[in-house]
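Let me begin by presenting the structure, written as structure tokens, before commenting on it.
The values are calculated or read from the model by the stated rules, or taken from the named source; none is laboratory data. All of these numbers come straight from a predicted model, not from anything done at the bench. Quick reminder, even Gly has a Cβ in these numbers, built from the backbone with ideal geometry, and neighbours come from all protein chains shown. Side chains are part of the model used for accessible areas, which takes the heavy atoms of the whole protein and leaves out ligands, DNA and RNA. Shrake-Rupley method; radii C 1.70, N 1.55, O 1.52, S 1.80 Å.
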Amino acid sequence: IKEGNAHLYPYILLTISFLIVAIAAINFVNLSVARSLTRAKEVGMRKVLGAMKWQVVGQFWGEALIVGLFALLLGGLLAGLVLPEYKAAFRTKISMEMLLNIGVIAVVMLVFLLVTVLAGGYPAWFISRFDTVLTLKGKVSVGKSNSIRSSLIVVQFVIATLLIASTLIVSQQINFLRNKPLGFNTKQVVSIPVGAGQDGGLVLQRLRNELANEPAVLGITGASNNLGRGKDGSSWKSVIGFEHKNRILQANNLSVDYDFVKTMELKLLAGRDFSRQYATDSTQAVLINETFAKQIGGDPLGERLPIHDSASHRQVVGILKDYHFESLHSKVESQMIELRNRDFPVNYIFVKINNQNVPQTMALLEQTWKKAAPGSEFLGSFLDENTNRLYRKEERYYQIFITAAGLAIVLSCIGLFAIAVLVMTQRTKEIGIRKVLGASTSGIVALLSKDFLKLVLIAFVIAVPIAWYAMNQWLQDFAYRIDISWWAFTAAGLLAVLIALITVSFQAVKAALANPVKSLRSE
């Protein structure tokens, strides 16, 4: 099975982790700044009593260091608690011992120190540079357009919008993979691994005899390889190369039993299927798909191919329409199908059933299987389940994306709400004056919200090209993929704006409904 860019997935996970940490760090810094403004009088008093700027900075950084240390220890504890569930959900073998790696410890400590320095040092430096008299009066203000604060809000909403858009596009691609027609019947055909120690041909014949008169069973056949990935978890393929007309030809080889084309509902474009009426089919006939027919060139029907050796030729008796016998990560390759032989025995049995009373039919198959293959576990599964298993990695990363997007939204809302509270508090007098002069509640809410919404829109403009590029690169891993739709970015932007609007409006409405007399008196 082609893995494509699977080796990049750990780096994608690492990037998502850093993005989440970045949002949390931004919020920590913003909240630290907001909290430091309420301690302006304390800072002013310390400066009057002779405290140096580095002492004030050291105090704030020490407090941030203690908070960060508790968060680091709590995060490590929670990671240990959820690790078993994480390993089970994402089928990974990671362990807590990996954190003891010197490189990992160095990165964690570097990020830890950087965040605590920013969260503790910047607010202290910010307040200590103001006039001592103003800080004693508690009249320190960050202003309505503080560039650093605005930049941090933009960054965290860029990350949130990026993750939301990526989640929507990954979801679209997974749905596309699930629903794309594969060229064979995936809904009614049950795939059963024969299992080790069993003669697949003998088991197949026993099943045919036992189920011959069952109306629920519409067809039975076998093959050397599975379609998709069954419950046994195995998947393999055989590729044969040979020289024909001074050219080297190569094709995937599949060995099947009679009725394979009929049971799987493959489309025959030219020629005929294998037939019991032709005794030579088992040793001299072969079916090929469209792609291999194009590789051979001309009209290959009736062509004799030296498949296994120059003395043993196989005649092309039929041409099948291309079907996706591998995952959609790769385009349909050349395929050649021959009747089963000693070199390629029946390893999987396929049973086509009707859609009525499926649980009862599956129970019948399991009961019959125990008779036909005693000692071999029944691991029957529908082919649509098998093909979906080919994209388990994408499914797991979709879960990670949607979890990361949820965390990003929650963290962004917390940070935005804190900044909104800070700004509304500092504009209390302005709001009171506007209300006295006749401003409506809706007008005040719009006034207070528009500055934040501008930042979110700026974040949207920045996030769209980044998300498009990242998702376009990810989609290159699939030979069959969706076209990135504009509505995914629009939906992500609208969701980000809506979340920001709800977060800010809650505090804006509260400020607008406040009694203007109390607002003016408080100033």
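Annotations for the structure displayed:
- Each residue in segment 311-347 was checked for being among the hydroxyl-bearing types (Ser, Thr, Tyr) and farther than 19 Å from Gly183 by Cα, and 1 of them qualify.
- Within segment 463-476, residues that are farther than 15 Å from Ala492 by Cα reach partners that are open to solvent by 80 Å² or more (accessible area, probe 1.4 Å) with beta carbons closer than 6 Å, at six or more positions or on different chains, in the pairs Leu475/Arg481.
Let's see how each residue does on (1) part of a helix (DSSP H, G or I); (2) modelled with pLDDT under 85:
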| site | (1), (2) |
| --- | --- |
| Leu81 | yes, no |
| Gly103 | yes, yes |
| Ala124 | yes, yes |
| Leu134 | yes, yes |
| Val140 | no, yes |
| Ser145 | no, yes |
| Ile169 | yes, no |
| Phe176 | yes, no |
| Leu182 | no, no |
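- Per the conditions (1) farther than 24 Å from Arg276 by Cβ; (2) modelled with pLDDT of 90 or more; (3) in contact with a strand residue (DSSP E or B) (Cβ under 6 Å, 6 or more places away or on another chain); (4) open to solvent by 10 Å² or more (accessible area, probe 1.4 Å), the sole criterion not satisfied by Pro306 is (2).
- Helices (runs of 4 or more DSSP H) wholly inside segment 313-427 containing at least 1 residues that are among the small types (Gly, Ala, Ser): 358-372, 392-426
- The single condition from (1) surrounded by 16 or more Cβ atoms within 10 Å (Cβ to Cβ); (2) assigned to a helix (DSSP H, G or I) that Phe478 fails is (2).
- Applying a threshold of 9 Å to beta carbon distances and a minimum spacing of six or more residues, or different chains, the list of pairs starting in segment 419-445 at a residue that is within 29 Å of Ser151 (Cβ to Cβ) and open to solvent by 50 Å² or more (accessible area, probe 1.4 Å) and ending at one that is outside any helix (DSSP H, G or I) and of a type in the set (A, V, I, L, M) reads Gln426/Val142.
- Segment 261-283 residues that are on the phi > 0 side of the Ramachandran plot, paired with ones that are surrounded by 15 or more Cβ atoms within 10 Å (Cβ to Cβ) (beta carbon under 7 Å, 6 or more apart): Glu265/Phe184; Glu265/Asn185; Gly271/Leu301; Gly271/Val317; Gly271/Gly318; Gly271/Ile319
- Filtered residues of segment 492-515 (kept if open to solvent by 40 Å² or more (accessible area, probe 1.4 Å) and under 23 Å from the mean Cα position of the chain (by Cα)): Leu494, Leu495
- Qualifying residue in segment 215-222 (condition: open to solvent by 60 Å² or more (accessible area, probe 1.4 Å) and either assigned to a loop (DSSP other than H, G, I, E, B) or charged (D, E, K, R) (or both)): yes
- Failed condition for Ala251, given (1) under 25 Å from Lys187 (Cα atoms); (2) at pLDDT 90 or above: (1)
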